[in-house]
Amino acid sequence: MSQCVFVARESDPSEGRVAGSVETVKKMKSLGLDVLVETGAGLASRILDADYEAAGARIVGPEEARTADVVLKVRRPNSSEIAGYKSGAIVIATMDPYGNEAAIAEMANAGLTTFAMELMPRITRAQSMDILSSQANLAGYQAVIDAAHEFDRAMPMMMTAAGTVPAAKVFVMGAGVAGLQAIATARRLGAAVSATDVRPAAKEQVASLGAKFIAVEDDEFKAAETAGGYAKEMSKEYQAKQAALVADHIAKQDIVITTALIPGRPAPRLVTRQMLSAMRTGSVAVDLAVERGGNIEGAEAGRVAEVEGVKVIGYLNVPGRIAASASALYAKNLLTFLETMVDKEKKSVSVNVEDELVKATMLTNGGAVVHPNFGGSVQQGEGK
């Protein structure tokens, strides 16, 4: 009998993304898997139940999750969802594990084998499974669109017989995947763009997109990058020097977009009320790190706040604001990871606990928490 994959409908009403697309359902069927899709799962991403059925899936109610060998989700399952899965089921999702150890323990106690996609290592083999990059790319784009919506002037320079409208000045703080896409999108809209980042490698990337790089380039700056390509937390002394440089620069900007996140830590505070007060009335700031405490002082999660005369956008789940695009990429990330566990001859799913991708992403297995960052050891539990 074929092993069963269940694509869940997200229980959070603010989450419009879905963990399976028509394309990925077709692929899972071709791998010999039975695919169940919870009714209405794809509606917010413009995927009808009939579309899934045409791809070979069966449309079922939430109670059918209990029959699934694999559950695909966008967000970590809540308690009632966990209770609806059978012991031994594999659950693949964005688990948001930092600070949520109790929820991880609950999944372990339920006997689930769970994988946190955001812990996927940044290695060549895993590039097509990297949900942080695929979703951050869309968040960077959407941040500029949201900023342009709130900004009450044109973005590009416009020369007319009646005079010239100057280009909007956009400053992007953090030149990772989201920041680089924000730079590229703002440039496409005709803005004059500058950016900053604590990683020296970012300087060339920013310049390649036609933006000006702003940073204190001292010895600490030159060493400020982890082996995984993430930003390191900088010393208080460096932060003070960078803040002085940035404060002067921000005062001249129309739009500021902050994207700085450090895995497992609260978001660093980059923009203070004092900096905002130096900006012109009607300026706009976008905080893409608001879910982790925010880069901008005064940012409010889930809304546009007015802080010192500046509109500060603090929308949550920014990729989910363009759910159809985000779901297509997220579903492909999950499929590519799941495919590494599929025995194509036996047409079954099994977990190799020695696989480097499994070691990096597995949170729970065999009734225990196994990820070393959350109190476990990968050697605990048994392979499936």
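Please treat every number below as a calculation from the coordinates, not as lab data. Keep in mind it's a predicted model, so treat the numbers as computed, not measured. Note: ideal-geometry Cβ built from the backbone for every residue, glycine included; neighbour counts use all protein chains shown.
Of Ile322, Ile104, Ile123, how do they rank once you tally other Cβ atoms within 10 Å and put the fewest first?
Working: Ile322 17, Ile104 23, Ile123 13.
Exposure proxy ranking, most exposed first: Ile123, Ile322, Ile104.
Taking only Cα atoms, what is the 0 to 90° angle, nearest 10, from helix 236-250's long axis to the longest principal axis of the chain? Its long axis makes an angle of about 60 degrees. Working note: 222 nm ellipticity from helices only, DSSP H runs with n ≥ 4, each -39,500 (n - 2.57), summed and divided by the residues of the chain, gives -9000 deg cm²/dmol to the nearest 500. A straight line joining the Cα centroids of segment 1-72 and segment 180-221 runs 40 Å.
Find out how many positive minus negative residues lie around Gly210, taking Lys and Arg as positive, Asp and Glu as negative, among other residues whose Cβ is under 11 Å from that of Gly210. Let's see the in-between values first.
Details: positive: Arg187, Arg188, Lys212; negative: none.
Taking every other residue near Gly210 into account, the sum is +3.
Among Met158, Met173, Met28, the largest mean-square fluctuation in a Gaussian network model of the chain, built with springs joining Cα atoms closer than 10 Å, belongs to Met158. Beta bridges per DSSP, both residues in the chain: antiparallel share near 25 percent.
What FRET efficiency comes out for the pair Asp96/Ser30, r = Cβ-Cβ distance, R0 = 35 Å, nearest 0.05?
Values: r = 31 Å, r/R0 = 0.90.
Computed FRET efficiency for Asp96 and Ser30: 0.65.
Round to the nearest 0.05 the FRET efficiency obtained for Ser87 and Arg265 when R0 = 30 Å and r is the Cβ-Cβ distance. Calculated transfer efficiency: 0.35. Sorting the segments 269-280, 211-222, 139-150 by their residues' average number of neighbouring beta-carbon atoms within 10 angstrom, most packed first, yields 139-150, 269-280, 211-222. What net charge do the residues around Gly42 carry, taking every other residue with its C-beta under 9 Å from that of Gly42, with Lys and Arg at +1 and Asp and Glu at -1? Overall, the nearby charge balance is 0.
Of the GluC sites (Glu not before Pro) in segment 311-370, which ones lie in a loop per DSSP and count no more than 11 other C-beta atoms within 10 Å?
Those satisfying the criteria are Glu345, Glu354.
With respect to the chain, whose longest principal axis is taken over its alpha-carbon atoms, helix 131-150 is tilted by about 40°. Given the alternatives (i) 21, 44, 26, 8, 0; (ii) 27, 58, 15, 0; (iii) 27, 51, 20, 1, P(r) over Cα pairs in 20 Å bins from 0, in percent as computed for this entry is given by (iii). Relative to the longest principal axis of the Cα atoms of the chain, helix 323-339 runs at roughly 50 degrees.
Residues in segment 31-38 carry Karplus couplings, in order, of 7, x, 8, 8, 10, 10, 10, 5 Hz; the curve used is 6.51 cos²θ - 1.76 cosθ + 1.60 with θ = phi - 60°, and Gly or Pro positions show x.
Find out how many positive minus negative residues lie around Thr258, taking Lys and Arg as positive, Asp and Glu as negative, among other residues whose Cβ is under 12 Å from that of Thr258. Residues near Thr258 contribute -1 overall. For segment 75-80, the Karplus equation 6.51 cos²θ - 1.76 cosθ + 1.60, evaluated at θ = phi - 60°, returns couplings of 10, 3, x, 8, 4, 5 Hz by residue, with Gly and Pro reported as x.
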